[in-house]
Amino acid sequence: MANLFTLFISAVLINNVILSQFLGVCPFLGVSKNKSSAIGMGAAVTFVIFGASILTYGLYKLVLEPNSLEYMDLLSFILIIASFVQFVEMFIKKFSPALYKSLGIYLPLITTNCAVLGVALDNIKQGFTFPEMLVYSLGIPIGFTLVLYIFSTIRERLDAADTPVSFKGNPIALIVAALMALAFSGFAGLV
Amino acid sequence: MNRKENFTAGFIRENPVFGLYLGCCSTLAITTSLNNAIGMGVSVIIVLILSNVIISMMRKIIPDEIRIPVYIVVIAALVKSIELLIKAYASSIDAALGLFLPLIVVNCIILGRAEAFASKNGVLDSALDGLGMGLGYTCALVVMSLIRQVIATGLINFTNPFTNQLIFEVRLIPESFTISMFGSPTGAFLTFAVLAAALTAYKNAQAAKAAKKEAK
């Protein structure tokens, strides 16, 4: 139990997906312009990572490994993730058109969000057991949502700030990300 | 646009990394040393050329509705082959790049070029486009890794990935003056931000020059 808790904390804060593993930086720069879309994106990513991790882990342990087809992992994982994202997209479109509108183009882009495939591959590579896999693939997207939210609140203020012309937009956002990475590296001694 | 312009666009003006913010995840993560940057760059060039060629050959027989899944399958198969080859012949690159080698699959540059270029153009043009964009990506990786490696360790070195033999090593900054922070995530974001701003400044200057010419 203590082990699982440590794993969760390190997945959320220490090995944060964006700031220390650099996965999912594209949506991080793209959708972080206001708070509500940051939360929407975070929720969608959490759902997709959690669901896709269970599916890919099950597929790997139950189908690929017993048949020694491990080399098919990349191909089958990416197909599972793509169809799962499609499913989530149709679901959100039907139940919350407002959320669908605000997430816009970034929803189909979750497919190519490296965090999803990254977590699915990481689960296998690190040899997690089933409960560890569940905790890890929940902690990672929670860390993602947390950083995305903090970042979007900073960015809303950044719009009003007087930044040099060539730093406007993404470059200054990356500077902010650098400072956040510095702050988050302080968590390293936690576990 | 003619062939040459197409080929060179990827280097500065439309640099996929600093100009279009494509494939920034791997750029931030693996640019801690020149070796990693070149290993990653070469893998991406190979995948990009092959995927562009294959997709451009198949562009007439792929139904429009399912083109994206088809592209993804082609790319995933290529990446897995490259990954297995690297694991077998250059395991030091595999160890250094880790997760980011299979993650080439979701590198937006590759899918982006398949969708934007290879699906509309002939085989030769697509191969050239793949080479140009891949070299642009590699340039970005090399520049960033040089800055980070020199500031963080003071050294530039390059080892042969197949034999692990050190080819050259130069110390540019004395050890006591290095800033190790540049090897960490913070330094990655900082270097990226400054380079992206530099490219924007360059583009703005070019645009201003063009506007002045027109006014005359």
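Tabulated values for the structure
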item	result
Long pairs among B:Lys4/B:Lys60; B:Lys60/B:Lys120; A:Lys101/A:Lys168; A:Lys61/B:Lys80; B:Lys4/B:Lys209; B:Lys4/B:Lys212, criterion Cα-Cα beyond 21 Å	B:Lys4/B:Lys60; A:Lys101/A:Lys168; B:Lys4/B:Lys209; B:Lys4/B:Lys212
Sites B:Ala201 and B:Gln165 - FRET efficiency at Förster radius 41 Å, r taken between beta-carbons, to 0.05	0.50
Relative exposure of A:Glu132, A:Glu70, judged by other C-beta atoms within 10 Å (fewest first)	A:Glu70, A:Glu132
Lys, Arg +1 and Asp, Glu -1 on Cβ, resulting dipole of the protein assembly as shown about Cα centre, debye, nearest 20	1160
Averaged over A:75-86, number of beta-carbon atoms from partner chains that fall within 10 Å	3
Most to least packed among B:79-89, B:54-64, B:105-115 [average Cβ atoms within 10 Å]	B:105-115, B:79-89, B:54-64
Sorted by Cβ neighbour density within 10 Å, fewest at the top, the residues A:Thr46, B:Thr191, A:Thr129, B:Thr27	A:Thr129, A:Thr46, B:Thr191, B:Thr27
Cross-link reach list, lysines versus A:Lys94, counting only Cα pairs under 24 Å and skipping chain neighbours closer than eight places	A:Lys35
Projected label distance in nm at A:Ala183 and A:Phe5, using a 7 Å step from Cα toward the beta-carbon	2.6
Cross-link reach list, lysines versus B:Lys87, counting only Cα pairs under 21 Å and skipping chain neighbours closer than eight places	A:Lys125
Residue-averaged [θ]222 nm for chain A, counting only DSSP H segments that reach four residues, each worth -39500 (n - 2.57)	-21500 deg cm²/dmol
Per-residue mean of C-beta atoms belonging to partner chains within 10 Å, peptide A:19-28	6
Relative packing of peptides A:29-35, B:201-207, A:14-20, B:121-127 - highest average C-beta neighbours within 10 Å first	A:14-20, A:29-35, B:121-127, B:201-207
Gained length - B:Ala215 relative to B:Leu155, 0.36 nm times residue gap less alpha-carbon distance	16.8 nm
Reach of A:Lys33 by Cα under 16 Å, taken over aspartates and glutamates that are not fewer than 8 positions away in the same chain	A:Glu156, A:Asp159
Dipole of the range A:29-186, positive direction: furthest Cα of A:Phe87, A:Ala177, A:Thr153, with charges on the beta-carbon	A:Thr153
Ordering of B:157-164, B:94-101, A:50-57 by packing [mean C-beta count within 10 Å, highest first]	A:50-57, B:94-101, B:157-164
Residue-wise HN-Hα coupling along the range B:133-143, computed from phi with Karplus coefficients 6.51, -1.76, 1.60 (Hz; x: Gly, Pro)	5, x, 5, x, 5, 4, 4, 4, 4, 5, 4
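Read-outs: derived from the displayed coordinates by stated rules, not from any lab. These numbers were taken from a predicted model, which means no experiment stands behind them. All Cβ positions, glycine included, derive from the backbone under ideal geometry; neighbour counts span all protein chains shown.
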